[in-house]
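In what follows, a structure is listed as structure tokens, so that the remarks can point back to it.
The values are calculated or read from the model by the stated rules, or taken from the named source; none is laboratory data. Every value quoted in this text rests on a predicted model; they were computed, and no experiment measured them. Cβ placement follows ideal geometry from the backbone for every residue including glycine, while neighbour counts extend to all protein chains displayed. Surface areas here come from the heavy atoms of the whole protein model, side chains and all, with no ligands, DNA or RNA. Shrake-Rupley method; radii C 1.70, N 1.55, O 1.52, S 1.80 Å.
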Amino acid sequence: MPAPQVDIFIPCFVDQLFPHTAMNMVKVLEAVGCEVHYNANQTCCGQPAYNAGYKTESCEVARKFLTDFPTEQERYIVSPSASCIGMVRNTYADLFEGTPDAARYHGVQRRAFELTEFLVDVLGITSIPNAQLAGNYTYHDSCAALRECGIREAPRQLLDGVAGLQRLEMAETETCCGFGGTFAVKFEAISVAMAEQKVEHALATGADYLISTDTSCLMHLDAYIRREKKPIKTLHVADVLASGW
């Protein structure tokens with residue numbers, strides 16, 4: 001059986017601040033038999049500009065994304081960010097429906113997946129061999145993963161398959177962490193209060209780790225955790241799946 005062909009999309013956020021997460025995603029994909037491709041010309045999906053109200057500028061960036069991942073290659077597009085995948089699947093409709101780029105958009109849309117849903121829903125993999133991490137974890141459903149992409153069970157299935165790791169569900173796991181891109185800047189007090197609530201729910205479980213699919217949520221929560229010196233560590237799901245081997 002031929003190896004699944006995968007183009008990886010590394011969001012600007014991950015590229016600049018969490019490159020190890022990108023490398024761990026590659027490690028996991030190769031471990032399950034994928035042939036991984038990386039287009040070094042890739043940049044951004046256009047989400048920051050779109051969310052800030054700059055639709056024209058966002059469309060220019062998004063059009064470059066379509067060029068960077070041409071439909072004719074017919075390779076899966078996999079990213080360690082549900083937020084960016086949600087942008088491609090959903091918001092690109094607002095940018096490209098009824099335009100000459102609509103066909104290219106649809107071609108990219110059907111091939112784009114967040115890492116955990118790709119592993120579970122496309123490849124049928126629910127555990128990564130040899131992955132191990134001792135301790136208890138609680139899981140944060142990011143707004144993008146849950147609401148935009150419908151991802152809930154896939155990351156939990158994979159994490160539950162990590163040797164030594166035990167899940168402890170927290171209260172209000174589906175509640176926003178307070179990041180929301182520019183929301184955290186424009187409404188700082190509200191954003192921090194939401195992070196506090198999320199972290200306190202996580203701490204109440206007694207978990208050692210707070211894990212999610214999105215580095216943006218984790219960065220926001222980790223900033224609060226570090227400032228308040230809370231006894232819990234944030235981890236991206238790709239970093240957990242790549243641990244211990």
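Results, tabulated for the structure shown:
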item	result
Of all residues making up segment 45-101, the number that are open to solvent by 10 Å² or more (accessible area, probe 1.4 Å) and part of a helix (DSSP H, G or I)	26
Scan of segment 14-25 for residues that are touching a Leu at 6+ places or on another chain (Cβ under 8 Å) and either buried (at least 22 other Cβ atoms within 10 Å of the Cβ) or in a strand (DSSP E or B) (or both), ordered by number	25
Matching residues in segment 102-150 - criterion: being open to solvent by 20 Å² or more (accessible area, probe 1.4 Å), among the charged types (D, E, K, R) and closer than 25 Å to residue 177 by Cβ	121, 147, 148
Members of segment 179-190 found to be assigned to a helix (DSSP H, G or I) and touching a residue at least 24 places away in the same chain (Cβ under 8 Å), listed by number	184
Leading residue by the ranking (surrounded by the fewest Cβ atoms within 10 Å (Cβ to Cβ)) among those in segment 26-41 that are out of contact with any strand residue (DSSP E or B) (no Cβ under 9 Å at 6 or more places or on another chain) and under 17 Å from residue 5 (Cβ atoms)	33
Within segment 27-44, tally of residues that are within 20 Å of residue 130 (Cα to Cα) and part of a loop (DSSP other than H, G, I, E, B)	3
Single unsatisfied condition, residue 30 versus (1) farther than 23 Å from residue 126 by Cβ; (2) without any contact (Cβ under 8 Å) to a residue 24 or more places away in the chain	(1)
Tabulated pairs, segment 1-26, first in contact (Cβ under 8 Å) with a residue 60 or more places away in the chain, second open to solvent by 40 Å² or more (accessible area, probe 1.4 Å) and charged (D, E, K, R), C-beta under 6 angstrom, 6+ apart or interchain	5/35; 5/75; 7/75
Conditions (1) assigned to a helix (DSSP H, G or I); (2) open to solvent by less than 70 Å² (accessible area, probe 1.4 Å); (3) within 26 Å of residue 245 (Cβ to Cβ); number of the one not met by residue 211	(1)
Checking residue 74 against (1) modelled with pLDDT under 95; (2) within 23 Å of residue 216 (Cα to Cα); (3) of a type outside the set (Gly, Ala, Ser), the condition it does not meet	(2)
Number of the exception - residue 11 against (1) open to solvent by 30 Å² or more (accessible area, probe 1.4 Å); (2) at pLDDT below 95; (3) of a type outside the set (A, V, I, L, M)	(1)
Filter result (under 16 Å from residue 235 (Cβ atoms), without any contact (Cβ under 8 Å) to a residue 40 or more places away in the chain and assigned to a loop (DSSP other than H, G, I, E, B)) within segment 161-178	161, 168, 170, 173
